[in-house]
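The next block holds one structure in the form of structure tokens; read it before the comments.
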Amino acid sequence: MIRFLRFPVTFVALLVVLSCLHLHAASWLPYGPDGGDARAFAIDPHDHSHLYLGTATGWMYESRNGGGDWKRLSWIGKRDDLVLDSIVVSGADSKQIVVGAWVLGSPDGGIFLSKDGGATWETVSDMQGQSIRALTPSPSDPKLLVAGTLKGVYQSTDGGQRWKLISPAGSQELHEVESIAIDPVDPQIIYAGTWHLPWKTVDGGRHWANIKQGVIDDSDVFSIIVDPKDPKTVYASACSGIYKSQTAGQVFQKIQGIPQRRAERV
């Protein structure tokens, strides 16, 4: 504020620049229900026009026409502080949905299971009170799911009804798991991104290795993606940039991420 008061010309110039950028920016339209934060989408694997949307207030919305119209489906947990960041619709039975939730400023949260397409929900007791920061199904086994929490990595082999910890209990390193990826061919191979660095297991969680070569120390790993056609190719996004490995995580290379400047129009 002080700078703008002293140099009003600079402020005007900034407005002009922003206006120019706005003129050349891509056009976006609101697409979804009004109100609240839109946190996560999921698509019914048996009907691609059937969408689910999770919010930051515990509400889940549903669209039956590819997002053209939305309706409130259910209020998960009957509380308004659940952040619904993870929604998994079963590939075997689209009426079975698993949701992972966390609470802002608290280690609370949980996993919720619906068997009737989201109309009603039950709290999964194994994960009650857990802050669920990541949740993903195995591409090769729809009943196998892996979740990342503040305490570690958990796995379910029955579609989300029962869970067990597969990372070392009380580990001082493998905790605060923010991202999860499962090898598309071998579900025993799991990647976990923490607030510090990425990890990997090749035997379903019995042993874990820190896969940090090439990654800047203390990198918060936001997401991990395994190439479905080439499982040796792994991508990771972190607070320190975007990384790519062509050796299944043994070595990462930092690649060019989102440009800091807008490219010149040709």
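The values are calculated or read from the model by the stated rules, or taken from the named source; none is laboratory data. Remember, it's a predicted structure, so these values are computed and weren't measured experimentally. Neighbour counts run over all protein chains shown; Cβ positions are idealised from the backbone, glycine included. With ligands, DNA and RNA removed, areas are computed over all heavy atoms of the protein, side chains included. Shrake-Rupley method; radii C 1.70, N 1.55, O 1.52, S 1.80 Å.
Quick notes
- Placing a pseudo-label 7 Å from each Cα along the Cα-to-Cβ vector at A209 and H48 gives an inter-label distance of 3.7 nm.
- For region 43-52, the Karplus equation 6.51 cos²θ - 1.76 cosθ + 1.60, evaluated at θ = phi - 60°, returns couplings of 10, 5, x, 9, 7, 6, 8, 9, 10, 10 Hz by residue, with Gly and Pro reported as x.
- Distance in nm between pseudo-label sites at K164 and Q246 (7 Å out along the Cβ direction from Cα): 3.9 nm
- In terms of accessible area, using a 1.4 Å probe and ignoring ligands and nucleic acids, S179, S94 rank largest first as S94, S179.
- Derived scalar couplings ³J(HN,Hα) [region 132-140; Karplus, 6.51 cos²θ - 1.76 cosθ + 1.60; whole Hz; x for Gly, Pro]: 8, 9, 7, 7, 8, x, 6, x, 9
- Seen from P231, the other residues with C-beta closer than 11 Å to its C-beta sum to a net charge of -2, counting Lys and Arg as +1 and Asp and Glu as -1.
- Amide H within-cut-off set for A134, under 5 Å, with H built and near neighbours excluded: G148
- Shape analysis of region 72-155 places it in the oblate category; the axes a ≥ b ≥ c from the Cα gyration tensor give an a/c of at least 1.5, with a/b not above b/c.
- Going by accessible surface with a 1.4 Å probe and the largest first, R64, R39 read R64, R39.
- With K and R counted +1 and D and E -1, the other residues having a Cβ less than 13 Å from that of L51 yield a net charge of -2.
- Shape category assigned to region 125-206 from the gyration tensor of Cα positions, a/c cut at 1.5: oblate
- For I211, the shell of other residues with beta-carbons less than 14 Å away shows a net charge of +1, using +1 for Lys and Arg and -1 for Asp and Glu.
- Förster radius 22 Å - calculated FRET efficiency between E122 and R79, Cβ distance, rounded to 0.05: 0.90
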